[in-house]
Amino acid sequence: MPNTLFAARLLGYLIGLLPLVALLLMFRQVIPQGLGLGLTAFGFLASYWVQQRARTLFPYDFKNRAEWLALGIYVAVVVAMLVLIQVSG
């Protein structure tokens, strides 16, 4: 169960980055506006669906180590993305 919980929670966190990355790329004019808006809409819908599904299967319980591990990896990915954006920009 902890591995399934970890994978579901991490996927729920990471899929939420899709709309943000799509908007970032669109505003930096790396991708066309139509593609950026489409990816953003798809990302929001997918994020909402995955997070609601994970929430019904696995209610939040931060006493579980897998919850903290998934959150920690998500934070590390976000920080790494911010550093890469600052270095490349």
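Couple of notes before you dig in:
- At the residue level, residue 21 shows approximately 50 square angstrom of accessible surface with a 1.4 angstrom probe and all protein chains present.
- Here the sum of -39500 (n - 2.57) over DSSP H runs of 4 or more residues, divided by the residues of the chain, equals -28000 deg cm²/dmol at 222 nm, to the nearest 500.
- For the Cα trace of the chain, dividing Rg by the Kirkwood Rh returns an Rg/Rh value of 1.05.
- Heavy atoms of the protein chains alone define the surface here; on that basis the chain has 70 Å² accessible area per residue at 1.4 Å probe size.
- Split the accessible area of the chain by element, probe 1.4 Å, and carbon with sulfur accounts for 71%.
- Cut-off under 5 Å, modelled amide H: who pairs with residue 31 long-range: 26
- Cleavage-rule hits (trypsin sites (Lys or Arg not before Pro)) in the chain: DSSP loop, at most 12 neighbouring Cβ within 10 angstrom: 28, 63
- Exposed-site-free run, longest, the chain (rule: chymotrypsin sites (Phe, Trp or Tyr not before Pro); DSSP loop; at most 11 other C-beta within 10 Å): 1-59
The values are calculated or read from the model by the stated rules, or taken from the named source; none is laboratory data. Here the structure is a predicted model, which is why all the values come from computation and not from measurement. Cβ sites come from the backbone with ideal geometry, for glycine too, and all protein chains shown count toward neighbours. Heavy atoms of the whole protein, side chains included, go into the accessibility calculation; ligands, DNA and RNA do not. Shrake-Rupley method; radii C 1.70, N 1.55, O 1.52, S 1.80 Å.
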